[in-house]
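**Q** Questions regarding the structure given below will be posed in turn.
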Amino acid sequence: MAGAGYPLKNKRVVVTCGPTWVPIDMARVISNTSTGALGQRIALDCAKVGAQVTLLEGPVARPLVSRSIRILKFLFFEELQRLLRQELQGKVDALIHAAAVADYKLRRPFGGKLASEKKGLTLKLIATPKLISLVKRLNPSTFLVGFKLEPQLTRSSAGRKAVSLFREVGCDLVVANQSDSQRYKGYIIDNTVTVLADVDSREQLSAKLVRILGERL
């Protein structure tokens, strides 16, 4: 039985982090500004309290190095999709989906490399499938934590923004957060739309999230 200091002992936890690329041509991609730092911190904190952690890490500037965490790398949207399907074939106690997944991709990426002399370029984008929707379909018993990043966030608006992730994909918890150069703000919300934690840093958020997982898994 897990001791007080190891509330996630032997629990299998999968964490996703970082941006996902979608190709424009063979040399260019569409990406986003995610650093992956929050997902990396959560993975480390889960491992510290006994979890068997797999980190699915996108193309971040500072890759995580850890002997206690199994790290699988991806670059493109389709690679993350494949890794999620692969990991969810087995038992996963919790999946923490902190990656900033591309919402759009080109309907048809250009073959080869586009000439840089072009004076203009129109890209036709279509919505990507919601990868978080795979989790409960493939592994209904997995405890699912989703993330909602918003530019403006208050305690009351955080709950409203989280509702779609509870209704549409079956999240058990949602982290609603706001981040800019001046401040970080995050709320951990359960599926009754109750705010369980209200934090002012990524470190605080990770610690509170790991504690809540230890109580609920």
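**Q** What is the sum of charges, Lys and Arg at +1 and Asp and Glu at -1, for the other residues whose Cβ falls under 13 Å from the Cβ of P109?
**A** Working: positive: R28, K105, R107, R108, K113, K124; negative: D25, E78.
My count for the surroundings of P109 gives +4.
**Q** Compute the longest continuous run of the chain that contains no exposed trypsin sites (Lys or Arg not before Pro); treat a site as exposed when its DSSP state is not H, G, I, E or B and it has at most 15 other Cβ atoms within 10 Å.
**A** Free of exposed loop sites, the longest segment is 131-182.
**Q** Let me ask another. Rounded to the nearest 20 Debye, what is the dipole magnitude of the chain about its Cα centre when Lys and Arg each give +1 and Asp and Glu each give -1 at the C-beta? Could the numbers behind the result be given before it?
**A** Values: 34 positive and 18 negative charges, 81 e Å.
Dipole about the Cα centre, nearest 20: 400 debye.
**Q** Per residue of region 156-173, what does 6.51 cos²θ - 1.76 cosθ + 1.60 with θ = phi - 60° give for ³J(HN,Hα)? Whole Hz please, x for Gly and Pro, Karplus curve as stated.
**A** Coupling constants for region 156-173: 6, 6, 4, x, 5, 5, 7, 4, 4, 6, 6, 6, 8, 10, x, 4, 8, 9 Hz.
**Q** Another question, if that's okay. Can you give the calculated 222 nm mean residue ellipticity of the chain, where each DSSP H run of n ≥ 4 adds -39,500 (n - 2.57) and the sum is split over every residue, rounded to the nearest 500 deg cm²/dmol?
**A** My calculation for the chain gives -8500 deg cm²/dmol from helical runs alone.
**Q** Could you work out which residue, out of V65, V193, V29, moves most in a Gaussian network model of the chain, that is, has the largest mean-square fluctuation with Cα springs under 10 Å?
**A** Highest fluctuation of the listed residues: V65.
**Q** Whole-Hz Karplus ³J(HN,Hα) for region 41-57, in order, using 6.51 cos²θ - 1.76 cosθ + 1.60 and θ = phi - 60°, x for Gly and Pro?
**A** Couplings: 4, 4, 4, 4, 5, 5, 5, 5, 9, x, 6, 8, 9, 10, 10, 9, 10 Hz.
**Q** Compare G112, G170, G18 in a GNM of the chain, Cα atoms joined below 10 Å, and give the one with the largest fluctuation.
**A** Among G112, G170, G18, the largest mean-square fluctuation in the Gaussian network model of the chain belongs to G112.
**Q** Which of K48/K73; K48/K130; K9/K208; K48/K148; K105/K208 have a Cα-Cα distance over 27 Å? All intermediate terms of the calculation are to be shown ahead of the outcome.
**A** Values: K48/K73 21 Å; K48/K130 30 Å; K9/K208 17 Å; K48/K148 25 Å; K105/K208 34 Å.
As for pairs spanning more than 27 Å Cα to Cα, those are K48/K130; K105/K208.
**Q** Tell me, what HN-Hα J-couplings in whole Hz come from the Karplus equation 6.51 cos²θ - 1.76 cosθ + 1.60 at θ = phi - 60° for each residue of region 77-94, using x for Gly and Pro?
**A** 3, 5, 5, 5, 4, 5, 5, 4, 4, 4, 5, 7, 5, x, 6, 10, 6, 8
**Q** Using a Förster distance of 45 Å, how high is the FRET efficiency between S157 and L114, based on the Cβ-Cβ distance and rounded to 0.05? Before the final figure, lay out each step's value.
**A** On the way: r = 41 Å, r/R0 = 0.90.
Efficiency, rounded to the nearest 0.05: 0.65.
**Q** Let me ask something additional. Which of the following values of Rg and Dmax of the Cα atoms in Å was calculated from the structure shown: (i) 17.5, 56; (ii) 15.8, 47; (iii) 17.9, 65?
**A** Working out Rg and Dmax of the Cα atoms in Å from the coordinates points to (iii).
**Q** Classify region 101-202 from the C-alpha gyration tensor, please: rounded if a/c falls under 1.5, else prolate or oblate depending on whether a/b exceeds b/c. Mind dumping the intermediate values first?
**A** On the way: a/c = 3.22, a/b = 1.65, b/c = 1.95.
Oblate, because a/c is 1.5 or more while a/b does not exceed b/c.
Only the coordinates and a few stated rules stand behind these numbers; no lab work does. Because the structure is a prediction, the values reported are computed rather than measured. Using ideal geometry, Cβ is built from the backbone for each residue, glycine included, and neighbour counts are taken over all protein chains shown.
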